[in-house]
Amino acid sequence: MFLGALEQHPRVRTVRRTSIEEDERTSVDAWVGLTDEPTLVPIDVTTRGRDARGAAENLLATLRRGVIPVVVEQESLDRGLTAERAFDAFVEYRRMGDRFLVERGTPRS
């Protein structure tokens, strides 16, 4: 649902979904390409909210692998996940994730 909405946004060039095997091996759900950037961004999408037990640890573990976690909150799903809302969530989590990776000196996958 999230990836489908995200790929409808005009700034998104591509959403390359991973296979089940690749997802299990790398914990990457998709590689996202933007129209103004040549590099694909690895993302791991979860619906486990920030308040869920163990969520913070899981988000940090994802970041340490150089993958940007994107949390889709239930309220976004309840309101209807539009391309704009999906893109806004991607941008928000990417900004936070990139800041974390730069501070730690960890390259993105």
(message) Is there a quick way to get the dipole size of the chain? I mean about its Cα centre, with the Cβ of Lys and Arg at +1 and of Asp and Glu at -1; what is the value in debye to the nearest 20?
(response) 260 debye
(request) Report, by chain and number, residues whose modeled amide H sits under 5 Å from the one on residue 13, excluding near sequence neighbours (fewer than 5 apart, same chain). (result) 33, 34, 35
(message) Please check: in the Gaussian network model of the chain (C-alpha springs, under 10 Å), which one of 84, 21, 92 has the largest mean-square fluctuation.
(response) 21
(message) Give me the three principal axis extents of the chain from the C-alpha atoms, as integers in angstrom, largest value leading.
(response) 34, 32, 29
(message) What distance in nm lies between label points placed 7 Å from Cα along the C-beta direction at residue 100 and residue 65?
(response) 1.3 nm
(request) Let me have the 222 nm mean residue ellipticity of the chain computed from DSSP H runs of 4+ only, each contributing -39500 (n - 2.57), with the sum over all residues rounded to the nearest 500. (result) -13500 deg cm²/dmol
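Readers should treat all values here as calculations from the given coordinates under stated rules, not as data from a laboratory. Just so it is clear, the structure is predicted and the values come from calculations on it, not from any experiment. A quick note on method: Cβ atoms are made from the backbone with ideal geometry, for glycine too, and the neighbour counts reach across all protein chains shown.
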